[in-house]
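Student: Below: one structure in structure tokens.
The values are calculated or read from the model by the stated rules, or taken from the named source; none is laboratory data. In this text the structure is predicted, and so the values were computed from the model without any measurement. Glycine also receives a Cβ, built like all others from the backbone with ideal geometry; neighbour counts cover every protein chain displayed.
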Amino acid sequence: MTTSFTTDSDAPVIPLPEHLSNATPASVIAAAEALRPVLLERQAETEELTYFPDTTHQDFLDAGFYRLLQPRRFGGLEFTVPTFYKVIMEVSRGCPSTGWRLSLASAHSLQMAALFPEETQLAAFGPDGDFRMAGRDTPMGTATPVEGGYLIDGFWNYCSGSPRSTWIFLGARLVQPGASGDGTYSLRSGQQILTTLPKEQWENVFDWTGGLGLRGSGSHSVKVEQQFVPDSRVVDVNMLDLEYPRDMAGAAIHANPMYSGRQTGFFGGELAAIAVGAAKAALDEYERLLRVKKTSFAPHVLRAEHSDFQRTLGQAMGMIAAAEGIVLQVGAQYTELCRRQVEDGVPFTLEDDILLDAMAMQAGRLAWSAVEDLLVRTAGSAPLGDGQRMQRYFRDLATYRGHQGSSAYETMARYLACLHLDEDFERA
């Protein structure tokens, strides 16, 4: 079956800012590359602040990075997922913390455009398209049904990018009035929802301190206290649902199949893009060291002239390039799966989604291995001192490796196999 669009998406409700009217995928990628020197210089400041400074925020507004995946109808650039991943890689190459924060706050325009009804999108993107949305889909708070909507209450940690976000989306457990909200729930039980709230309905708790890496990612906690949200700002969906909604709002509002896809593989691609960017940054630093440091043992020559270090550099280059290729392929396959679902009526299945996630995790593992096993091991101890860039990249990638989106590789691999074999994942 073929889906036909009835919305006139050529007539934007919210116009694109004039300074972005000539932006192209190539120009935004070039802008990200051009920002690398200043992002390198701001790394320490970003870590100290725990999120990137006002100067970087303005640079991103000027370049349109927050609008990369935002629908053209609502003031966005509406570029492709591979273009988005490439920009995130290049920003992360300048500062991994900054790339993490940019990615996790700007990418959620995809969820807003795909999942929520038009009236919610108008409220979120309007009046001028200035939109950034942090999120935490783990149901850490509660949603109590009341007339016309829900009361949201709770505390959500790891809300990356929340200090500069205009909206947030949060997972919550459904509870009945008077219930404690402490009951158990399952990710596929139908006992959870996703909701979205504007800035005035939630409070940042600035507690992102003391971590090993990604210290400037702005991954602070968020507190919501008995805030009413109307039904139009709540969707009954979770990312691992076998029956992920086929008739998402985005397919009817925007004439672009990109706004009709699942999200787990896309999210995995985000994280892997950041990891690849961080690995590229480590590769840049390693090459710089090779050109200024001499070998410790005879013959005492520049490391760039010695076969051992040449070999290590070449191996790392190949691994990181392979990781980048995988991430861009995840974006291309995501796009094709969305297109097939909308235009050909071929479902974008949960197995498809988890396979994309497995690919992204492999990319992240390649990037980590290149840095941890090759570059850090042979860079020497001085580049791993406090304030050194190589140490920062190692810390950032180690934190990525501990993130659920990377560390759950074995669990998600088994889940993928169970989906493929039609076996019960929850059975031991």
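Student: Can you tell me which of (1) surrounded by fewer than 23 Cβ atoms within 10 Å (Cβ to Cβ); (2) under 20 Å from the mean Cα position of the chain (by Cα) is the one I354 doesn't meet?
Tutor: (1)
Student: Does any residue in segment 400-421 that is in the same structural domain as G213 (by TED's automatic domain parsing) and closer than 18 Å to V327 by Cα come within less than 9 Å, Cβ to Cβ, of a residue that is surrounded by fewer than 12 Cβ atoms within 10 Å (Cβ to Cβ) and modelled with pLDDT of 90 or more six or more places away or on a different chain, and which pairs are these?
Tutor: So the pair list comes out empty.
Student: Moving to a separate point now. Failed condition for M140, given (1) among the hydrophobic types (A, V, I, L, M, F, W, C); (2) in the same structural domain as G216 (by TED's automatic domain parsing); (3) closer than 18 Å to L20 by Cβ, with all others met?
Tutor: Result: M140 passes all but (3).
Student: May I pose another question? In segment 314-373, what count of residues is obtained for those that are over 23 Å from T399 (Cα atoms) and aromatic (F, W, Y)?
Tutor: 2
Student: Any residue in segment 135-146 that is under 18 Å from the mean Cα position of the chain (by Cα) and more than 26 Å from V81 (Cβ to Cβ)?
Tutor: Narrowing segment 135-146 to residues under 18 Å from the mean Cα position of the chain (by Cα): 135-138.
With the extra rule that they be more than 26 Å from V81 (Cβ to Cβ), the set shrinks to none.
No, because not a single residue in segment 135-146 is under 18 Å from the mean Cα position of the chain (by Cα) and more than 26 Å from V81 (Cβ to Cβ).
Student: Can you tell me which residue is farthest from Q43 (Cα to Cα) among those in segment 382-399 that are touching a residue at least 12 places away in the same chain (Cβ under 8 Å) and over 22 Å from the mean Cα position of the chain (by Cα)?
Tutor: To start, the set of residues in segment 382-399 that are touching a residue at least 12 places away in the same chain (Cβ under 8 Å) comprises 383, 387, 389-390, 392-399.
Of the ones still in play, those that are also over 22 Å from the mean Cα position of the chain (by Cα) are 383, 387, 389-390.
Details: P383: 16, G387: 10, R389: 9, M390: 12 Å.
Ranking the candidates gives P383 first.
Student: Another one. Just wondering, is there one or more residues in segment 80-94 that are of a type in the set (G, A, S), crowded, with 22+ Cβ neighbours inside 10 Å and touching a Ser or Thr at 6+ places or on another chain (Cβ under 7 Å)?
Tutor: The initial filter retains those residues of segment 80-94 that are of a type in the set (G, A, S), namely 92, 94.
The next check asks that each one be crowded, with 22+ Cβ neighbours inside 10 Å; those that pass are 92, 94.
Of the ones still in play, those that are also touching a Ser or Thr at 6+ places or on another chain (Cβ under 7 Å) are none.
Taking every residue of segment 80-94 in turn, none turns out to be of a type in the set (G, A, S), crowded, with 22+ Cβ neighbours inside 10 Å and touching a Ser or Thr at 6+ places or on another chain (Cβ under 7 Å).
Student: Go through (1) farther than 25 Å from A279 by Cβ; (2) not in a helix (DSSP H, G or I) and name the single condition A123 misses.
Tutor: (2)
Student: Next up: Is there any pair with a first residue in segment 67-91 that is within 13 Å of F266 (Cβ to Cβ) and a second that is in a loop (DSSP other than H, G, I, E, B) and not hydrophobic (A, V, I, L, M, F, W, C) whose Cβ atoms are under 6 Å apart and which are 6 or more apart or on different chains, and what are they?
Tutor: none
Student: Scan (1) at pLDDT 95 or above; (2) charged (D, E, K, R); (3) assigned to a loop (DSSP other than H, G, I, E, B); (4) surrounded by fewer than 17 Cβ atoms within 10 Å (Cβ to Cβ) for the single condition E225 breaks and write down its number.
Tutor: Answer for E225: the failing condition is (3).
Student: A further question follows. Examine segment 247-268 for a residue that is assigned to a loop (DSSP other than H, G, I, E, B) and of a type in the set (D, E), and state whether such a residue exists. Full working, then the answer.
Tutor: Taking segment 247-268 as the starting set, the residues that turn out to be assigned to a loop (DSSP other than H, G, I, E, B) are 247-248, 254-256, 261-263.
Going one step further and asking which of them are of a type in the set (D, E), we end up with 247.
The answer is yes, given that some residue of segment 247-268 is assigned to a loop (DSSP other than H, G, I, E, B) and of a type in the set (D, E).
Student: Still on this structure, I have one more. Select, from R377, R303, the only residue that is buried (at least 17 other Cβ atoms within 10 Å of the Cβ), among the charged types (D, E, K, R) and modelled with pLDDT of 95 or more. Before you say what the answer is, go through the steps one by one.
Tutor: Numbers: R377 fails: buried (at least 17 other Cβ atoms within 10 Å of the Cβ).
It is R303.
Student: Filtering segment 149-194 down to residues that are touching a Phe, Trp or Tyr at 6+ places or on another chain (Cβ under 7 Å) and among the hydroxyl-bearing types (S, T, Y), which residue is modelled with the lowest pLDDT?
Tutor: So, considering only residues that are touching a Phe, Trp or Tyr at 6+ places or on another chain (Cβ under 7 Å) and among the hydroxyl-bearing types (S, T, Y), the one modelled with the lowest pLDDT is S160.
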